[in-house]
Amino acid sequence: MMRRMFAPCLVVALALFVLGPASGLAASGSQTYQLHLELPNVSQASNGDKISVTGEGEFGIHPKSATANGEFVHTDSSGTVLATGTWTATDLIEFQPYGCGVVHNFPTPGVTTPLPPNVCGGAVKMNVTLTPHGTTLAIPGILTVFCIIGPNPPNSHDDPTGEGIHLVVPGIANFNKIVSGMNMYIRQS
């Protein structure tokens, strides 16, 4: 009896030993993605100010890298433009992938839509430099882009209302309420 139970346990243990490290190594490999924010991604601060961000570029993991840039428009709660300018990524802080090839609840709630296998989602967090037009200011910020594509978005970002950006400008503003967004990542390698 003991021998009959030992054999299946040994097979399972060996399978976990052999397959476990391989899956861990695959996730730690070098990957490069294109970043596309072609439509304005809008977020709001607690005082009602809004930031609208567009841009494009690339980011990579193992090693971490980010070469992205774009434009921003900062408005107050009444819609008056306070500043416009450019942003440039200075480095990748982290990337939390949600997966590739499908999107849940878009364009139809409750439906999973297939996409090409290299169209991916996740949360990309980058250090950025913001430069308002007409100035030489270089304001540091942290830009996080949320793309809901993939089979594993977290509950807070699992429908179209979770697609967009957060922008933290330390000591100045925290645009952390997504108003609207549309973006995607294209896996290159």
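The table below gives the values:
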{"item": "Residue order, fewest to most surrounding Cβ atoms within 10 angstrom, among Val124, Val73", "result": "Val73, Val124"}
{"item": "Cα lying deepest toward the dipole's positive end in the range 29-187, options Thr84, Asn47, Pro97, charges on Cβ", "result": "Pro97"}
{"item": "Estimated inter-spin distance, Ala83 and His62, nm [label 7 Å along Cα→Cβ]", "result": "3.8"}
{"item": "For Val179, Val111, order by how many other beta-carbon atoms lie within 10 Å, fewest first", "result": "Val111, Val179"}
{"item": "Residues of type lysines that Lys50 reaches as a straight line, Cα spacing below 22 Å, ignoring anything fewer than 8 places off in the same chain", "result": "Lys125, Lys177"}
{"item": "Under Karplus coefficients 6.51, -1.76 and 1.60, residue-wise ³J(HN,Hα) of the range 67-73 in Hz, glycine/proline x", "result": "10, 10, 7, x, 10, 9, 10"}
{"item": "Residue order, fewest to most beta carbons within 10 Å, for Leu115, Leu82", "result": "Leu82, Leu115"}
{"item": "Extension gain from Asn47 to Val73, taking 0.36 nm per residue of separation minus the Cα-Cα distance", "result": "7.8 nm"}
{"item": "Sequence-distant residues sharing a close amide H with Ala83 (under 5 Å, placed H)", "result": "His74"}
{"item": "Values of log10 I(q)/I(0), in the order q = 0.10, 0.13, 0.20 Å⁻¹, for the range 29-187 under a Debye, Cα-only, solvent-free model", "result": "-0.34, -0.57, -1.25"}
{"item": "Asn105 long-range amide H proximity, modeled H, under 5 Å", "result": "Gly110, Val111, Thr112, Thr113"}
{"item": "Ser30 paired with His133, simple spin-label distance in nm, labels 7 Å along Cα-to-beta-carbon", "result": "3.9"}
{"item": "Nonlocal amide H pairs with Ser65, under 5 Å, H built at 1.01 Å", "result": "Gly60, Leu92"}
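Any read-out appearing in this document is the output of simple, stated calculations on the displayed coordinates, not a laboratory observation. This is a predicted model, so every value here is computed, not measured. All Cβ positions, even for glycine, are placed from backbone atoms using ideal geometry, and neighbour counts span all protein chains on display.
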